[in-house]
Every structure is written in C-alpha cells, then in structure tokens.
1. Can you tell which of Arg273, Arg297 is surrounded by fewer than 21 Cβ atoms within 10 Å (Cβ to Cβ), more than 20 Å from the chain's Cα centre (by Cα) and of a type in the set (Lys, Arg)?
2. In this structure, does Ala89 turn out to be of a type outside the set (Lys, Arg), assigned to a helix (DSSP H, G or I) and away from the ligand (no atom under 14 Å from the Cβ)?
3. Given the criterion assigned to a strand (DSSP E or B), more than 12 Å from the ligand (Cβ to nearest atom), closer than 22 Å to Gly225 by Cβ and assigned by TED's automatic domain parsing to the domain that holds Glu155, identify the matching residue among Val72, Val54, Val37.
4. Restricting to the range 174-186, give me the number of residues that are buried (at least 24 other Cβ atoms within 10 Å of the Cβ) and either within 10 Å of the ligand (Cβ to nearest atom) or within 11 Å of the chain's Cα centre (by Cα) (or both).
5. Of the conditions (1) modelled with pLDDT of 95 or more; (2) out of contact with any helix residue (DSSP H, G or I) (no Cβ under 6 Å at 6 or more places or on another chain); (3) surrounded by fewer than 19 Cβ atoms within 10 Å (Cβ to Cβ), Ser333 fails just one. Which one is it?
6. Among the residues of the range 245-277 satisfying the criterion of being of a type in the set (Lys, Arg) and more than 20 Å from Pro347 (Cβ to Cβ), which is farthest from the ligand (Cβ to nearest atom)?
7. Quick one: would you say Lys166 is more than 10 Å from the ligand (Cβ to nearest atom) and either in the same structural domain as Asp19 (by TED's automatic domain parsing) or surrounded by fewer than 24 Cβ atoms within 10 Å (Cβ to Cβ) (or both)?
8. Would it be correct to say that Tyr219 is out of contact with any Phe, Trp or Tyr (no Cβ under 6 Å at 6 or more places or on another chain), hydroxyl-bearing (Ser, Thr, Tyr) and surrounded by fewer than 19 Cβ atoms within 10 Å (Cβ to Cβ)?
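The values are calculated or read from the model by the stated rules, or taken from the named source; none is laboratory data. As the structure is a prediction and not an experimental result, all values here were calculated from the model. Counting neighbours? That spans all protein chains shown, and the Cβs are built from the backbone with ideal geometry, glycine included.
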Amino acid sequence: MIPLLDLKAQYAGIRQEIDAAVLGVLASGQYVLGEEVAAFEREFAAYCGTRYAVAVNTGTSALHLALLALGVGPGDEVVTVPFTFVATAAAICYTGARPVFVDVEPATLTMDARQLDAAITERTRAIVPVHLYGQMADMDAIMDVARRHDIPVVEDACQAHGAEYKGRRAGSIGAAGCFSFYPGKNLGACGEGGLAVANDPELADRMRMLRDWGQEQRYQHAMKGFNYRMDGIQGAILRVKLAHLEDWTEARRAHARRYTALLSGSPTVKVPREEAGRRHVYHIYAVRSPDREGLRRALAAEGIQTGLHYPIPVHLQKAHADLGHRAGDFSVSEAAAREVLSLPIYPEMTAAQVERVAAMAEMEAYVG
Ligand SMILES: *Cc1c(COP(=O)(O)O)cnc(C)c1O
C-alpha cells in the first residue's frame, strides 16, 4: 500500500525533537501564543524573506485577516481563481466582499494575469493569486496589473512554503502572503495552524491586533477582532519542523523529477511542469489524464492511493451558487477539475515507491 502522504513516517523521523518541544511547552505554561510562537514567527519571516510574520490558527484565518487589514469589506470585490481549495473564496466571503473569478492558465493552473484587467472594477480591493500545488503564479505579470490599478495583492501561499519566483520566496512579493500549517501541508502542525507574512509594519500590526480580539493593550479593543491565535504547542512543533523543511522540499523535488522522467513519454498521462525561474515545492504532484477515473481505479487496485485536487471548481460549488456562475464560465478550470489526479508524494517516500507508482500509471496509460 502506498498512501498519498504519510504523517506518521514524518513523526517517526523526528520523534525525539518533537516530543521534547511539546514537553517544553507543557512545562512552560505558555499554551496560547507565547515565546515559542514568537520565535517561530521570527524564523518563518526570515525563511520567507519578509520583515514580519503573524501566526494564527489556520490558513483560512490568515487570508481573512490579511484582507481585513487591507480594508476589504462589504460591497467590495476581490479577484481570485476558481481552481483552488474552497477556503480561498470562503475567506473573501468572511469579509463581506464578493469573490470575482478569473480563469487559470492551462500550463500552470495558476491565475491567468491576461484576464485580470477585464475583471477589475472600481470596487476591486484586492487580488488573491493561489500558488497551486506548490508552484507560484506568474507574479511579475500579476504585480504589473495590480500596480497599474493600485490594488494590493494577497498571495495564497497555503500550498507553497519555500516556493520561489525569480529568487523570491512565496509570500514575499504581494502586500501579504498567507500560509497554512494543516498537517498535510509541506510544513504541517500537529493540529491546525496558519500564518501571514508582510513587510509593511502597519499592516502586520493590524493583523496582530485582529487575531487577538482587536486589542491594542489588554482589554483595550481598537477593532472588532477575532480569536485566531496560534497554540504554543503548535509554534514549538513548527519550529522543529521548519529546520527540516529544506531537506523535505528537496526530497519532494527529487521524487517529482523522477516521476516526470518516468512518465513524460506516456501517451495519455500529462506531467506537471516547473516553469523557468520558479522553484516548485510539489505540495501536490498532479498529472492530467483524459481517463482520470480509469487511472485512479487501476492505481487503487495496486494499493496506490491518489487524490483529487480539486474535482469541482469553486464557481460550480453549491455553496457559492449565489455568485450566479454556470458550467462553461471558466473552461480551463473546469477541464482541469475533470482531468487532474494527484499521485503520492511526501518526503519519506522511497525512490522504489515512486518508480512503482510511475510504472503502474504508465501501464494503465498504454492498456487503458
Ligand atoms: C489549505 C489551504 C487553505 C486553507 O488553510 P487551512 O489551514 O486549512 O485553513 C487555503 N488555501 C489553499 C490553497 C489551501 O490549500
């Protein structure tokens, strides 16, 4: 059996470090925020190449706070993509703003900057590109449009810890960058976690206040805030794991290179591509197949788990029916939703396992 990811294998490799970190927090009494979380914020900001980091309880909260801190609210519009996890759109809706979609590029499945101008109105208050699967969107093209319209960009980097675009890390190019530490992400807590990075001190301050009931000082509430604080235990665990992240990312990249080398001759299975000048961190290795269900069944029969990221684009989700979209509105996203299949990828996977998955996928591609 080859799982899509293996969280227990990761824990087994660093068990002593994690256990010591958790016990340290238990003994310290700092169970919410505290020194471990503050240290993690400094270390993660340095990792991203930003001045500030604000740790919160989920990636969704990070997106919500970044948008709120930029002044997004009811009646506003925020431009994003429909081919993403639903949380991107949900965070926009939490502010009272309306998500406005532009389609993704066929090659990268990230925001198609050429469609941005047509989507921007006088109500547009932010642009949220998603660094899907661990590869950054075309940030030069997106930032050009954003600057021309003077609209801030919030990077949804929830799948892209350590990804790069022309040498700059995910989260460091827009006004804010948002990360998730959900256990299955490239950097995962042992529970929920999230964080927003920024370079503007006032933006970082507003996010810091909003995550803790809008407090300027204790019991002085300058804004209507939230309880979005990170746990001390998660901060300590994330510090331990951050020290391993580059090794884990290189292991993911090696697995991806092997998959791509083994599968790129296949007649039907299309492999993902790393764009020039970008560092893909392969949170997900998604191939495309016209017979996705057949491929999924064949791999399942061999004990190989696969995933669907994502089978229904956000504009066709019942939850967002109020936006009034229908099938055909974003054809690139809809085609991707029909064809993508995520193969197992995680740092602890062996080369032999990668080869076995690739061989089985390749065989199915030929025999159908
Ligand atoms: C995981 C994820 C989120 C939400 O993060 P949570 O920590 O689960 O709230 C948002 N956007 C994308 C693209 C994600 O993959």
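1. Arg297
2. Answer is no for this residue.
3. None of the others qualify; the one that does is Val54.
4. If we filter the range 174-186 for residues that are buried (at least 24 other Cβ atoms within 10 Å of the Cβ), which is where we start, we get 174, 176-181, 186.
When the remaining residues are screened for being either within 10 Å of the ligand (Cβ to nearest atom) or within 11 Å of the chain's Cα centre (by Cα) (or both), the result is 177-181, 186.
Counting residues in the range 174-186 that are buried (at least 24 other Cβ atoms within 10 Å of the Cβ) and either within 10 Å of the ligand (Cβ to nearest atom) or within 11 Å of the chain's Cα centre (by Cα) (or both) gives 6.
5. Ser333 satisfies all of (1) modelled with pLDDT of 95 or more; (2) out of contact with any helix residue (DSSP H, G or I) (no Cβ under 6 Å at 6 or more places or on another chain); (3) surrounded by fewer than 19 Cβ atoms within 10 Å (Cβ to Cβ) except (3).
6. Of the range 245-277, the ones of a type in the set (Lys, Arg) are 252-253, 257-258, 270, 273.
Still in the list and also more than 20 Å from Pro347 (Cβ to Cβ): 270, 273.
Values: Lys270: 22, Arg273: 19 Å.
The residue in question is Lys270.
7. So Lys166 fits the description; yes.
8. For Tyr219, the condition - out of contact with any Phe, Trp or Tyr (no Cβ under 6 Å at 6 or more places or on another chain), hydroxyl-bearing (Ser, Thr, Tyr) and surrounded by fewer than 19 Cβ atoms within 10 Å (Cβ to Cβ) - is met.
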